[in-house]
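> Below is one structure. I have some questions about it.
The values are calculated or read from the model by the stated rules, or taken from the named source; none is laboratory data. Because the structure is predicted, anything quoted here is derived from the model rather than measured. Note that we place each Cβ from the backbone using ideal geometry, even for glycine, and neighbour counts take in every protein chain shown.
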Amino acid sequence: MKARYRSPWVLAGLVLVNVAQAAPDLRPGLWEITMQLEMAGMPMAMPPITQQVCFTAQDMESGANIIPQDNTNHCRPEGISMNGSTATWSLQCDNMTGQGTMTYTGDSYRGSSDITTNMAGETQQIKQIFSGQRLGDCEK
């Protein structure tokens with residue numbers, strides 16, 4: 001059960017993908033990942049999206065596969081830095097810019113990104129809130 005967590009509306013995920021300075025303090029296994037977007041001017045809140053994903057030890061070593069990714073917007077993380085168990089970054093994408101932060105523990109992570117995008121000539125502010133919780137070992 002190896003899944004890649006990719007969602008086309010998730011913008012900040014490309015972030016820590018290449019954190020070479022330090023591997024995140026996360027344990028492999030079955031994780032429950034939750035994402036929610038908040039957009040100003042929306043008549044109602046978008047419901048959170050939750051998925052279960054099996055992360056291997058290799059996924060955790062580089063951090064490359066633990067963050068939701070959106071490759072459709074040609075995003076490039078910039079200025080990635082790790083300070084203890086917290087990572088921060090800026091984000092440059094097609095028609096989008098942003099910044100984010102994520103804090104890791106062995107069995108969970110929490111983070112958010114603030115993104116500014118230009119849709120049809122209008123500026124839109126988007127806040128992405130994401131979290132992950134380890135549920136246990138993956139099924140063999």
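> May I ask you to list pairs of residues, at least six apart or on different chains, whose Cβ atoms are under 8 Å apart, with the first in segment 107-136 being not in a strand (DSSP E or B) and the second being not hydroxyl-bearing (S, T, Y)?
That search, which allows pairs on different chains as well, returns D107/L26; D107/R27; D107/Q133; D107/R134.
> Among the residues of segment 99-122, which ones are at pLDDT 90 or above and over 21 Å from G79 (Cβ atoms)?
D107, S108, listed by residue number.
> If you scan segment 36-74, which residues turn out to be part of a strand (DSSP E or B) and at pLDDT below 75?
Q69
> Here is a check on your reading of the model: is N83 modelled with pLDDT of 70 or more and exposed (fewer than 13 other Cβ atoms within 10 Å of the Cβ)?
So N83 passes the test.
> For segment 75-104, give me the residue count where each residue is of a type outside the set (S, T, Y) and in a loop (DSSP other than H, G, I, E, B).
Selection size over segment 75-104: 4.
> Working carefully through the options I129, I115, I80, find the one that is under 15 Å from the mean Cα position of the chain (by Cα) and farther than 29 Å from G29 by Cβ.
Step by step, each of I129, I115, I80 is checked, and only I115 is under 15 Å from the mean Cα position of the chain (by Cα) and farther than 29 Å from G29 by Cβ.
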